[in-house]
Amino acid sequence: MHISALEEYGLRCALQLASLPEGALLAASQVADREGISVQYASKILHLFRKSGLVKASRGIQGGFRLVKDPRQISLKEVFAAFRDSDSVFCGRYAGQQVECVHLKGCSVRPVFDVLTGYFDSVLEQLTLEDLRRTEDEAKARIERFASFEAEKIRTRFALPSGANGSEKF
């Protein structure tokens, strides 16, 4: 899966807001300074978060942004959803010069992307902003547990039927 620069910086900006004490606000300029990005880029990210309902904005000299929910209640999938077109599906985006993909009716590639997307989304659903506020080693251990669990579900889903001779991979 491809993670865009906007998504990576967006996640980092969300973590800045997640680190705030309850009720505190952070201005777009402060987010920009902390992440080493332009104020315009930080503002764009925070606008997308506001539009998706992840943050609340307060105007004025003492204004800024804050998460609308506790970081334990915000999944990474919600954060990434602020930057993704929910109507966009793999087969609809890559139709070549046609209106729709020439393989739309019967495609052996689609299941690959469906499984990968499902795996990616399942892991992101399980992880929260709070999980990423931990040390790198703690976050890595937690992410690996979720990823292993999801991988095992996929292996189980595609396991050989009983009685197979084992010469096939799947």
Extreme residue, farthest from residue 22 (Cα to Cα), among residues of the stretch 60-112 that are modelled with pLDDT of 85 or more and acidic (Asp, Glu): 78
Under 7 Å by Cβ, and 6 or more places apart or on different chains, what pairs join a residue from the stretch 130-155 that is under 26 Å from residue 17 (Cα atoms) and assigned to a helix (DSSP H, G or I) with one that is open to solvent by 50 Å² or more (accessible area, probe 1.4 Å) and modelled with pLDDT of 85 or more? 130/72; 131/142; 133/19; 146/126
Just checking: which of the helices (runs of 4 or more DSSP H) contained wholly in the stretch 1-63 hold 3 or more residues that are within 24 Å of residue 122 (Cα to Cα) and either out of contact with any strand residue (DSSP E or B) (no Cβ under 9 Å at 6 or more places or on another chain) or open to solvent by less than 30 Å² (accessible area, probe 1.4 Å) (or both)? 5-18, 39-52
Could you tell me whether any residue of the stretch 128-140 is at pLDDT below 80 and open to solvent by less than 90 Å² (accessible area, probe 1.4 Å)? no
What residue, among those in the stretch 141-156 that are within 16 Å of the chain's Cα centre (by Cα) and open to solvent by less than 50 Å² (accessible area, probe 1.4 Å), is nearest to residue 69 (Cα to Cα)? 146
Which of the residues belonging to the stretch 1-38 are within 15 Å of residue 83 (Cβ to Cβ) and over 21 Å from the mean Cα position of the chain (by Cα)? none
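The values are calculated or read from the model by the stated rules, or taken from the named source; none is laboratory data. Here the structure is a predicted model, which means the values were calculated and not measured. Neighbour counts run over all protein chains shown; Cβ positions are idealised from the backbone, glycine included. Keep in mind that these areas ignore ligands, DNA and RNA; they rest on the heavy atoms of the full protein, side chains included. Shrake-Rupley method; radii C 1.70, N 1.55, O 1.52, S 1.80 Å.
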